[in-house]
Amino acid sequence: MRTLKFRAWHKPKKKMLYVGNAFMPDLTASGCPVDPYENRRNLSMIFELMQYSGLKDKEGKEIYEGDIMQGSVTSPKYRVTMDCGRWCANYTHKGNSGALQLYFRQDMFEIIGNIYENGGLLK
């Protein structure tokens, strides 16, 4: 069984945090003082959690939900999502859109950013 890993986008500070456990993230150690037990419902207003896919790109970098990947400079850019229990790379390019099942193709792509820090890459 693989270990679940997450990262969190801190919306107010616009900062990416890497956390080890979604049930009790140590966000205070990351410089964001929050008591997860105080008001769990409001955590989603502050943080956007993204799960690690268990896969790595062609450079060996861990692929998380929300990452933006590209195969080459001229190929479409792909957004990593979870769809029906499988990891997918979704694209829109020159009026066409589609998805690849990421499990079989992750070693063909390189992470070039993520939707929070580099959202303009998908335009």
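Summary table
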| item | result |
| --- | --- |
| 3J(HN,Hα) from dihedral phi, the range 113-120, Karplus parametrisation 6.51/-1.76/1.60, rounded to Hz, x for glycine, proline | x, 9, 5, 8, 8, 9, x, x |
| Contour excess over end-to-end distance, with Cα ends at MET45 and SER97 and 0.36 nm allotted per residue | 15.7 nm |
| Förster-model FRET efficiency, 35 Å R0, ARG86 and LYS13, C-beta, rounded to 0.05 | 0.65 |
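Bear in mind that the values in this text are calculations on the coordinates, not laboratory data. If you're wondering where the values come from, they're calculated on a predicted model, not measured in any experiment. Positions of Cβ are backbone-derived with ideal geometry, glycine not excepted, and every protein chain shown enters the neighbour counts.
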